[in-house]
Structure formats: C-alpha cells, structure tokens
1. What accessible area, in Å² to the nearest ten, does a 1.4 Å probe give for K124?
2. Tell me, what is the 1.4 Å probe accessible area of F145, in Å² to the nearest 10?
3. Could you sort Y57, Y149, Y72, Y96 by accessible area so the largest value comes first, with the probe set to 1.4 Å?
4. Could you give the length gained by full extension between S188 and F61, i.e. 0.36 nm per residue of separation minus their alpha carbon distance, to one decimal place?
5. At R0 = 25 Å, how high is the FRET efficiency between F145 and L83 if r is their beta carbon distance? Nearest 0.05 is fine.
6. So if we plug the beta-carbon distance of F127 and F211 into 1/(1 + (r/R0)^6) with R0 = 22 Å, what FRET efficiency do we get, rounded to 0.05?
7. Quick one: of K55/K94; K124/K206; K124/K208, which pairs are farther than 32 Å apart, Cα to Cα?
8. Just to check I understand the Karplus step: with θ = phi - 60° and J = 6.51 cos²θ - 1.76 cosθ + 1.60, what whole-Hz values come out for region 118-127, glycine and proline as x?
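The values are calculated or read from the model by the stated rules, or taken from the named source; none is laboratory data. Computed from a prediction, not measured in an experiment: that's the story for all the values here. FYI the Cβ positions are ideal-geometry reconstructions off the backbone, even for glycines, and counts take in every protein chain you see. Remember, those area values only see protein heavy atoms, side chains included, never the ligands or the DNA or RNA. Shrake-Rupley method; radii C 1.70, N 1.55, O 1.52, S 1.80 Å.
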Amino acid sequence: MHTGPEQKGVPKGMILEAKKSTTDITSPASGGTETQLGGGTSRVNTLKSWIPDPKWYGTLFILLLMAFHMVYLLLEVWKEGSLIPSPFLPKPEKPYSLAGNEILIDAVIAGIMGGLGSIIFCFKSLFDGVEKDSDNKAVHLALLFRPIYGALLALIFYFLVRGGLIAFSGGSITIPVTYPGLDLMRASTAGVSGLVGMFSEQAMTKLKEFFDSLFAVKTS
C-alpha cells in the first residue's frame, strides 16, 4: 500500500495547498470569526462572545447611579419633605422644603417612582440581552433617557388620578393595626407610579384611550 504524500496523478505541491486551505482565518477586526482546522471556532472568539460590549457596562453604571440618587431623594422627600438630590453634594444650610404641601410632595414621589420603574425596565432589557448584538449608540441613549420619560409619564398619571379623572378598580386594602400611621394614599401613589414607569407602553395606551374618550375622538 502506498502511504507517501503523492497520489496517482496528483503532484505533491497540490496536496500541500489543499491542506493549507482547510484553515480559514478571517480577521476579527473586520467582524469575522477565526476558524481552525476542522471548522471549530477559536476559544478566544468564543470568550469574546460572552463579554458584553463596553457600552453595556457604561449604560449599566449610569443607570445604577441614577437609581441610587433617586432612592436617596425619595427617602428625603418622604421623610422630611426636603429636596436633597445627592449625599455627595454639600448640604445647603436651608434646603428647599415641601413640608405642608402634600400634593406637591406626592407629585415629586410619583415622578421619582416613575423614574425608578423605568430603570427596572432598562435593567431587564440589558440583562435579557435585548440589545446584545446591537452597536447602535441610539439604543443606549434611549435606555438612559427612558427614566426621564417614565418620570414625566408618572406625573401625568398622578395628576389625572388625583383629580379623579382616571379611576382604578381593585380589591380593598386592610391596613394592619401595627401600622396605624401608614399614608395609604401616598403609598398607593408611589406603587402605581412605579408600575407606570415600568410599563410605559401600556400606560401610554391607557392615556390614549382616556384622551379619545375625553375629546370624543373617533378611532378607525
């Protein structure tokens, strides 16, 4: 049996060229994959595919920073009625106080909770990998601006609910005896506002239905 590199009718040089062609290397910089002998993907590119884009980390960090400051402001407004947006800034001698103006305090709480609800939605989008393969900067900018969108939407809902134009139906809530001082109106406002920010698309649909019925707009 003949085991040499030459085969009948095939020159030696052509056999070497055929072996070289089994390794196809495409430059990773051009967006290709590096394929080794046998068609397997290189370990380096496999590892890179598990590492998110750097913009993913930047967006996540900014959202975490926004959430921290929103929670801090929420606690200050809820407890003292003071507008102190950050623990890292020097406290003014006389911080602006909303004490005594319950409607304005609840409005600020509604806006903050709307922003926090939107941040939760952004976290879910990032962690689920919705934008994993996208390199579009507009996607990350949209996620960063969504908390503002949710906060403003929650404010609109708050004033409509406060004015009695939109009513929600549900079961009765029993306040435990151990919490007699619980402000049910403020707590429910905060909860609904957070849901509005988290499910902004559904909230927009609800507002559209309200607008159509209020101004008798006929939808085709």
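1. So the heavy atoms of K124 present about 120 Å² to solvent.
2. Looks like 130 Å² after rounding.
3. Of Y57, Y149, Y72, Y96, the descending order of accessible area is Y96, Y57, Y149, Y72.
4. 42.8 nm
5. About 0.70, to the nearest 0.05.
6. Once rounded, the FRET efficiency stands at 0.05.
7. Checking Cα-Cα distances, K55/K94 exceed 32 Å.
8. 5, 5, 4, 4, 5, 4, 4, 4, 5, 6
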